[in-house]
């Protein structure tokens, strides 16, 4: 389990993380989402032991990460800008990883060759960005990690390779109980793989829940009221309202049953509940934090 | 391969060495060249190298003394850039700090890698050389181990130094610059501050000093550690063959190598401590450790202000005599320099040009206030540097350097030393007069131009040096001039000018006469200079001494035209070791006047002309010159006279 408690990090007076709290349960796939500059990469660099916390704690299975060799041996990462030695081939980089990671499996490395059809004698810097990302996955998965920390992991991969990579990761999660924390802006993809989601903004985690719970906790309703009601009554707690003809679309922070109850006194002619996508949840949650799509026409 | 200890990772080490093979490969090639040369020469039949044990010892000591420090100094920075460059990029620092190895383990691994990169060429070149020597019949003297030890010690020290700098900075371009700056900072600052003080304080004279040389290791190692050798005449084949044979070799001051190696350990531990505290996000910063930024900034501001301020001051002070104007100019020049230094320093440290705000303005005001305080402090000599004169009891010896020099012993010559202290005090008390006279009429016929330097060698081992220009109008400042003249022409003192009663021996002497001479005088002289025998030198010396005793020679104070010049060269044995003798040298210059009867007679004897002829010629020449000088005065030269005001 990855646990971050009251994490604070300041860069030259700017508070990048302002008391961040995150719990990633063991064996889960946790999606960390948030707008640009929310502090996601800073959180990841703390989990990897790159940054030292100003205050608060970052632990994996109860052990602090900072300067801890044994914890790092169990973690693999794929940062957005993966580093490799300028003149290294894939095979040379493999030998490097093998010498550093105690659990590195040559057998797995060989098996993964099928998934990543790249000539291992090629210099990494001569590969395309997408292929370099594949190499990063190849090596990271070969270290047999208990924790996999990913920052924009499928950026630059083609659709087939994306599916391939997610599939490999999911099999790791199911077979070995690997804990995965993934930061991405591709919410549709995250929705398919994550079981937990944390939404970050301005250095804080606004919401952290099981994805199903999160989806249950917010509902989109299409409602048609009687002719006497032209506006949504003020006592109905809505996050967002839009109107097309007589059809109102309401976003409410409650489950569908409770929303029906709230609307019942107004005798709507039609009520239809539609589940929200992660992207919609992200947009409407952050809308409440003054981060919304502005209707700007230039 | 897995590392069994967390303090060293073999994979990272191997990778470091493998990655930079062109660097150590090239150096190894150069290191192999001497052995290759010896082998080729041997095959051709004439070996350049002697395998005599003492010669081998000399060779190894020379290598340890002159090659090892220089090579270590140069290669350490490259090795440091190769192994610590990952600290300067967010991407690489992220990688290295996320891999499973402790920071201490990574530091040790990188440090050992860097040191190995430096030592591989030595190992390859050294092994080849030792093998070559063994093949040629030479041995493996203890000096070989001494040389190996020195190479390791020097390499360790300079690499630890470069490593410390690499951890102070987070910028790959700043690393070599800071390495050079910190290597020479102290000796440069010492001389720069000396220069600034000598520009503003009465009596302080700039001369290169190296009191802080021990803080400039490469300078100290190359200047103070040396090899002493002694050779004896050797003619094994025939009496006509004049050869020499090495009979002893001594390595002097080698303890500095050990001291620096110990300092290297402190530097390495310091670097590790900084590394453990260092934030990865400092990658790219000129100074990575926050708490060091104000110190580095202050050193930068002091250095740039002194250097640039002085440059501006010398550019604009031309023609300014008034001291009040000078202090205003100094405040403006140093103030401008301090402002530029302050803001450029901030720009470099903060990696932005947006450094102009209220917070930094406060710092600038403090800096400028310091400049004003220092300028006034120097002007009013707050630290009493100008007025400082040593106590008689503290003086070991005194050297007085003027037109001619003399040396006084603190114990034996107490009366003369006291006279020297009195005249020194008189000069200081008359600062106003002497500074005014410096800007006086250069064409003044009553003017005396000269200088005097006092070197006080004190009992605590230090030396206090003061130098004054003694430019005086003899009529306007009669009393001061007479006091100074009395001191300089004091009989006992002037005998010291001639090294009478001290340990200096006349080593050689030569003289010439100023007028064009005819066939009565001997020819065949080297540019008018006469070579003298020991007896002639002694006779001439005694003649000058007799003139001095009679008062016809007043060194440096006669208004009469000189007719001949004599140089006596003296030497004094200062120190003698088993292998080497150290001498101090001095030269006495005698401007012979036409009234110096004894000296002119001695010259006539040497040249084989009659006393009468020579005296007549000398007087005629002196008279002609006097008339010529009167005709050629630059009367139209108009020099403005300024009054010195505090």
Within segment A:7-21, can you find the residues that are closer than 14 Å to residue A:202 by Cα and loosely packed, with under 14 Cβ neighbours inside 10 Å? A:10, A:11, A:14
Return the only residue of B:106, B:115, B:131, B:136 being touching a residue at least 40 places away in the same chain (Cβ under 8 Å) and within 14 Å of chain A (Cβ to nearest Cβ). B:106
Of the conditions (1) touching a helix residue (DSSP H, G or I) at 6+ places or on another chain (Cβ under 6 Å); (2) free of Cβ contacts under 8 Å to residues at least 12 places away in the same chain; (3) closer than 20 Å to residue B:138 by Cβ, the single one that residue B:86 does not satisfy is (3)
When segment B:270-297 is checked residue by residue, the ones that are in a helix (DSSP H, G or I), at the interface with another protein chain (Cβ under 10 Å from one of its Cβ atoms) and farther than 19 Å from residue B:355 by Cβ are B:276, B:277, B:280, B:281
Residue by residue through segment A:86-129, note down the ones that are under 26 Å from the mean Cα position of the chain (by Cα), surrounded by fewer than 14 Cβ atoms within 10 Å (Cβ to Cβ) and either within 11 Å of another protein chain (Cβ to nearest Cβ) or part of a loop (DSSP other than H, G, I, E, B) (or both). A:128
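Residues in segment B:85-98 that are surrounded by fewer than 22 Cβ atoms within 10 Å (Cβ to Cβ) and at the interface with chain A (Cβ under 7 Å from one of its Cβ atoms): how many? Walk me through how you get there before you give the answer.
Looking only at segment B:85-98, we keep the residues that are surrounded by fewer than 22 Cβ atoms within 10 Å (Cβ to Cβ), and these are B:85-86, B:89-92, B:95-96.
Checking the rest, the ones that are also at the interface with chain A (Cβ under 7 Å from one of its Cβ atoms) come to B:91-92, B:95.
So the count comes out to 3.
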Every residue in segment B:22-55 that is within 14 Å of another protein chain (Cβ to nearest Cβ) and out of contact with any helix residue (DSSP H, G or I) (no Cβ under 9 Å at 6 or more places or on another chain), please. B:22
Matching entry among B:268, B:283 (being in contact with a helix residue (DSSP H, G or I) (Cβ under 9 Å, 6 or more places away or on another chain) and modelled with pLDDT under 95): B:283
Of everything in segment A:50-85 that's touching a helix residue (DSSP H, G or I) at 6+ places or on another chain (Cβ under 6 Å) and either at positive phi or without any contact (Cβ under 8 Å) to a residue 40 or more places away in the chain (or both), which residue is farthest from the other protein chains (Cβ to nearest Cβ)? A:63
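The values are calculated or read from the model by the stated rules, or taken from the named source; none is laboratory data. No experiment lies behind these values; they were computed from the predicted model shown. We place every Cβ from the backbone using ideal geometry, glycine too, and count neighbours over all the protein chains shown.
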